[in-house]
Amino acid sequence: MRKTIILVASFLASFSVPAWAQTPLKLGLLLDMSGPYADIGGQGSVTAARMAVDDFGGKVLGRPIEVVFADHQNKPDLASALARQWFDDQGVETILDVAGSSAALAVNEVAKQRNKIFIANLPAVRRLTNEDCAPYTVHYTFDNYALAKGAGEATVKAGYDSWFFIAADYVFGKDLEAITSTFVSKNGGRVVGSVRAPLNTADFSSYLLQAQASQAKVIGLANSGADTINAIKQAAEFGIVRGGQKLAGLLVFINDVNTLGLEAAQGMLLTTAFYWDRNEASRTWAQRYFQRMGKMPNMTQAGIYSATTHYLKAIAAAGTDETRAVMQKMRSTSVNDFFVENGRIREDGRVIHEMYLYEVKKPADSKRAWDYYNLVATIPADQAFQPLSESRCPLVKKPQ
C-alpha cells in the first residue's frame, strides 16, 4: 500500500510540473577568457550576467536560470561552431554577448538561421544593425558610430584637426577608422595617414614612429583592450604626447585606464556608455560588482547586466521563452535602470540611449581609487547613434 501511494504521488508530481519547467533556461556568453579582451570582458562579463540572474530571483516562469560561457579564443569559426553546438545540442536559449566583432558577425549568422535572440554588448561593428541586421539581434551597449561621433567631433572642434590612425587590422578597427574619418572630415579636419596593426600586437614602435613623423595633431587608436594599452604605453616612451601630439583612444575602457595609470592616460578623451561614478544608482551597483570582482565594472559589463535583466523581464511578461514573443516584449518595453534611462530597441536592433564624452583626470585631481574621469559632454540618445535614414538594414522601412 505504501509503495502504491509513493508511486501515485510521484506520478502526480511529474504531471503537475511540466518537463520544460524542470529544464534550466540557459543563457550563453562567448568570450575571450585569456587574450586581449579578457580584462574588458572575460570573467567580469560572466559575473555581471550572474548578478542579474541572482537579482531576478534565479528563476523565470518557474524554470531555474543558468549562465554558461566558453572561450572562443578570438576565432570566428570556433565562435560559430560553439554557438551551433549550444543552440542545437545543449539547450542554450540566447547568447548575451560575443567578444570581438568578427566572432560576433559569425555568431549572428548562426542565431539568424536558428531564430534565436542574440544580444551584442562588446562588439562595436556597425554591420550588426546595418547589412547584417536580423529580427532577433540586439546591439545593446555601444558601436563604432557612437564612439567615432563622440571622439571625432569633440577633438576637431577643440582645434585638433589633423589625424593619423593606428587601426586594428580586422573588421572592427577598419570600421572604426572609417567612421571616425568621416566625422573628422565633416567637422573640417583632415586625415593625413593611417597604418594597420594585427590583433594582439606587442610592439607598436614602427606604427608609432610613422604616426609621429606625420606630425598629425591627433593619433587615433582604433583598437581596444591590450592593444590600446600597449600603444599608449609605448607612445609615452617615445615622448609623443610631450612632443605636442594628442592621443585619442577611440575605444577605451576604465580597465585600460586603471592598467595604464593616470600619469600615462591623463588628458585623453574617450566616449563611453557608462561610468561607475555617474550617479547614485550607478555607484550602488558598481560597489556590489566591486565586492565580487575587486575592480570597477566597465560599460560592457554594465550593459550585460542591463541586457540580461531586460531579457528576463520580457520572458516573464510574455509568459513564454518563444523567440518572437520575447522579442516583441523587449521592443515594446523601455529600459530604465542604473545603466540607461528610457532606452529603447529600434527596428534595426540598435538600443538607443545616451553616450558620454569624458576626459581622463590628471593624477592630482583624482580623489580616490577609480576616480578617473571628468564629464565633458552628454550626447543625447537621438544623436548618439546612426540615424535610421542612413541605415542599410533591410528591416528598416524607408519612406517612399
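The values are calculated or read from the model by the stated rules, or taken from the named source; none is laboratory data. Quick caveat, the model's predicted, so the values are computed rather than measured. Backbone-built Cβ (ideal geometry, glycine too); neighbour counts: all protein chains shown. For accessibility, only protein heavy atoms count, side chains too; no ligands or nucleic acids. Shrake-Rupley method; radii C 1.70, N 1.55, O 1.52, S 1.80 Å.
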Pairwise FRET efficiency - residue 73 versus residue 185, Cβ, R0 = 51 Å, nearest 0.05: 0.85
For the chain, built as a Gaussian network whose Cα springs stay under 10 Å, the top-fluctuating residue of 123, 24, 387: 387
Gain in span if fully extended, residue 238 to residue 368, counting 0.36 nm per residue against the direct Cα distance: 43.9 nm
Gaussian network model of the chain, springs between alpha carbon atoms under 10 Å - residue of 217, 367, 26 with greatest fluctuation: 367
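Based on Cα coordinates alone, diagonalise the gyration tensor for region 14-135, multiply each eigenvalue by 5, take square roots, and list the semi-axes in whole Å, largest first.
Taking √(5λ) for each eigenvalue gives 26, 17, 12 Å, largest first.
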C-alpha center-to-center spacing [region 234-261, region 39-77] in angstrom: 32 Å
Sulfur and carbon atoms: percent of accessible area, region 242-400 [1.4 Å]: 47 percent
Relative contact order (%) - criterion: Cα under 8 Å, at least six apart; region: the chain: 17 percent
Helix-only [θ]222 nm of the chain, DSSP H runs n ≥ 4, -39500 (n - 2.57) each, per residue, nearest 500: -13500 deg cm²/dmol
Space enclosed by the convex hull of the alpha-carbon atoms of region 202-330, per residue, Å³: 156 Å³
Å³ per residue enclosed by the Cα convex hull of region 328-400: 124 Å³
Filter on 295/362; 149/362; 112/398; 75/362; 112/313; 157/295 - keep pairs with C-alpha separation over 30 Å: 75/362; 157/295
For region 280-398: accessible area per residue (Å², 1.4 Å): 46 Å²
Principal axis box of region 167-276, alpha-carbon based, largest edge first, Å: 32, 31, 26
Portion, in percent, of the accessible area of region 45-92 that falls on carbon or sulfur, probe 1.4 Å: 44 percent
Kirkwood Rh, Cα atoms: Rg over Rh of the chain: 1.02
Length added when fully stretched, residue 281-residue 205, from 0.36 nm per residue minus Cα-Cα: 23.2 nm
Label-point separation, residue 382 to residue 263 (7 Å along Cα→Cβ), nm: 4.7 nm
Column: log10 I(q)/I(0), Debye, Cα scatterers of region 180-220, q = 0.31, 0.33 Å⁻¹: -1.10, -1.16
Å² per residue, accessible surface of region 107-234 at 1.4 Å: 32 Å²
Region 158-219 versus region 97-146: alpha-carbon centroid distance in Å: 25 Å
Sequence-separation-based contact order of region 160-234, relative, with Cα cut under 8 Å and 6+ spacing, percent: 46 percent
Equivalent ellipsoid semi-axes, region 274-400, via Cα gyration tensor eigenvalues times 5, rooted, Å: 31, 21, 10
